[in-house]
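One structure below.
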Amino acid sequence: MTDEITVSSAEGVQTLRINRPAKKNAITDAMYRALADGLTAGEADPSIRVHVILGSAGVFTAGNDIADFLSVSEGARTDLQGLRFISLLPKVEKPIIAGVDGAAIGIGTTMLFHCDLVYATPASTFATPFADLGLVPEAASSLLMPLRMGYARAFEMLALGAIFTAERMRETGLVNAIVAPEELEAAVLQTAGALAKKPPEAIAMTRRLMRLGSDAIKERTEVEIVAFVERLTSPEARRAFESFLTKRG
């Protein structure tokens, strides 16, 4: 476990908080492990009825830590907890609510398509710059984004790397409501608490019925993973990672 992911629970709600503000909450392999472990434990715990995912310090997450990507590209590691986390998302059976404040980059945006409710602050931004990094979409985003947003807007994000505002994401239907930063966490937890008090079997069945296409989502997730790993080790992606780290350095 890492202290850069904090896990807490109260009254049927488990909260997973991304807490690496010095690096804009960029997610490392250890953090992905903690997120996956937290979701897995919450799914197995009958006292937990709702998962909540939050960022910290005015940032949801800057996405995957690029240094981790580079280590994979250079052959230094092959076991990727990020892929475990991504594979887990479409298999979660309990509701997931996200509270987004600030940047939601890469997985910070794609994970939201697996959430049942998303709340965001006015300053939140959403981007999936996979192509710019020599990569391909992940977390079934190549399927879910066109379905939810329409092909044109999805292509804007996944190919052009366009940055969407909170208001534009609300217009697509991904964001349920835009709330002030100081009210975000309370709004998310209040909704999660209300959901946790409802009959759990009825909520679970409702969620399953609404996700009858989940097999296709799981299949697309695994297809993307194969392509993503292939791209991670490509010279094109390696050059993009090195360029990104040089600019940030």
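A short reminder: the numbers here are calculations on the coordinates, not readings from a lab. This is a predicted model, so every value here is computed, not measured. Counting neighbours? That spans all protein chains shown, and the Cβs are built from the backbone with ideal geometry, glycine included.
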Radius 13 Å from Cβ of residue 42, net charge of other residues (Lys, Arg +1; Asp, Glu -1)
-1
If the chain between residue 204 and residue 41 were fully extended at 0.36 nm per residue, the gain over the current Cα-Cα distance would be 57.0 nm
Report, for the chain, the % of DSSP beta bridges that are antiparallel, rounded to 5.
30
Could you work out the relative contact order of the range 42-111, using alpha carbon pairs under 8 angstrom and six or more residues apart, expressed as a whole percent?
57
Sorted from fewest to most neighbouring beta carbons within 10 Å, what does the list 244, 126 look like?
244, 126
So which residue, out of 100, 118, 72, gets the largest mean-square fluctuation from a GNM of the chain using Cα contacts under 10 Å as springs?
72
Of the candidates 63, 150, 99, which one comes out as most mobile in a Gaussian network treatment of the chain with C-alpha springs shorter than 10 Å?
150
Ranked highest first by the average count of other Cβ atoms within 10 Å around their residues, in what order do 32-38, 219-225 fall?
32-38, 219-225
The range 104-249, dipole about Cα centre (Lys/Arg Cβ +1, Asp/Glu Cβ -1), debye to the nearest 20:
120
Relative contact order of the range 1-101, pairs being alpha-carbon contacts under 8 Å that are 6 or more residues apart, as %:
34
Let me spell out the model: positive unit charges on the Cβ of Lys and Arg, negative unit charges on the Cβ of Asp and Glu, origin at the Cα centre of the range 1-133. What dipole size does that give, in debye rounded to 20?
120
The extension gain from residue 132 to residue 229, computed as 0.36 nm times the residue separation minus the Cα-Cα distance, is 33.3 nm
Under a crude label model (7 Å from the Cα following the beta-carbon direction), how far is residue 30 from residue 186 in nanometres?
3.5
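Of the lysine pairs in the chain, how many meet both conditions: Cα atoms under 22 Å apart, and a spacing of 8 or more in sequence or different chains?
Final tally of qualifying lysine pairs is 7.
How big is the dipole moment of the chain about its Cα centre under a simple scheme where the beta carbon of each Lys and Arg is +1, that of each Asp and Glu is -1, and everything else is neutral? Debye, nearest 20, please. Show your work: numbers first, answer last.
Details: 26 positive and 30 negative charges, 57 e Å.
With only Lys, Arg, Asp and Glu charged at Cβ, the dipole is about 280 debye.
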